[in-house]
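What follows is a single structure, written as structure tokens, with notes after it.
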Amino acid sequence: MKVLLLRHGETPGNRRRAYIGSTDEPLSPQGREQAQAVAVPPVERVYGSPMLRCRQTAEILFPGAEYHPVPDLRECDFGAFEGKSYEELKDDPAYRSWIDSGGEGEIPEGESAPAFRRRCTEAFASLVEDAAGRGLSSCAVVCHGGSIMAILAHYSGEGDFYRWQVKNAAGYFILWEESAWREEKRVKVLGPFPPAPK
């Protein structure tokens, strides 16, 4: 089964380079343009985060398709850092500590990295099991940059979380094969989306 993992289009907070996790922002005009400029292949089912920015992206990319929300694919809750940029946070000792930990430390009033990654990877496992159980040969998953990073760091066999950073309205093609999944809980990354120009 071929799976297209896609990040939503840009939001106003993304443009400000702010931490936007639990804030339910819509797409910005630029984010709508980004999504409209992308040509996606046809898929049999569309899953994704319940957040507005993901639903709006899916409506543009897959018009008329039913959207199947997966609550635990939502972005990390950045707690006290939510909605703020590096410039606004750089003198906050709690933020400095979190940055110095490589994002692994505690976020005041927020979600820990291990808890966030665990819920994303478990949500992905549930949705691919659902898709495989339906006999699908293709599906799309519209979610968040952090969610994609968590999924691919865990299931690709290449565990560096930051290696999987992805731009707005972009993502990865992956291949889910039952044998590799049952034996090793692995997926194969086929390449970036949109594909690199030849």
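Summary table
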| read-out | value |
| --- | --- |
| Neighbourhood net charge (15 Å Cβ-Cβ; Lys/Arg +1, Asp/Glu -1) for L136 | -3 |
| Spin-label model distance (nm) - A115 vs E177, 7 Å beyond Cα toward Cβ | 3.8 nm |
| ³J(HN,Hα) computed for each position of the range 33-46 - Karplus, 6.51 cos²θ - 1.76 cosθ + 1.60, integer Hz, glycine/proline x | 5, 4, 5, 5, 7, 9, 9, 9, x, x, 10, 8, 7, 10 |
| Residue-by-residue Karplus 3J(HN,Hα) for the range 146-155, coefficients 6.51, -1.76, 1.60, Hz, glycine and proline x | x, 5, 4, 4, 5, 5, 6, 4, 7, 9 |
| Residues whose placed amide H lies under 5 Å from that of T11, excluding near-sequence neighbours | S28 |
| Residue-count net charge about L127 - beta-carbon cut-off 12 Å; Lys, Arg +1, Asp, Glu -1 | -2 |
| Karplus-derived 3J(HN,Hα), 6.51/-1.76/1.60, for each residue of the range 179-189, Hz, glycine and proline x | 4, 5, 5, 5, 7, 10, 6, 10, 10, 9, 7 |
| Estimated [θ] at 222 nm from DSSP helical runs (n ≥ 4, -39500 (n - 2.57)) normalised by residues in the chain, nearest 500 | -10500 deg cm²/dmol |
| The range 27-148: Cα Rg divided by the 2.2 N^0.38 Å rule of thumb | 1.23 |
| Amide H within-cut-off set for G48, under 5 Å, with H built and near neighbours excluded | H68, V70, V142 |
| In nm, spacing of pseudo-spin labels at S137 and D160 (7 Å Cα→C-beta vector) | 3.6 nm |
| Positive-end residue, the range 2-193 charge dipole about Cα centroid, Cβ charges, pick of V70, A37, G146 | A37 |
| Proximal charge balance of D77 [Cβ under 10 Å; K/R count +1, D/E count -1] | -3 |
| Dipole in debye (nearest 20) - the chain, about Cα centre, beta carbon charges: Lys, Arg +1; Asp, Glu -1 | 680 debye |
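Values quoted throughout were computed directly from the atomic coordinates according to the rules given, and no laboratory measurement underlies them. The shown structure was predicted, so the numbers you read here are calculated from the model rather than taken from an experiment. Positions of Cβ are generated from backbone atoms using ideal geometry, with glycine treated the same way; all protein chains shown enter the neighbour counts.
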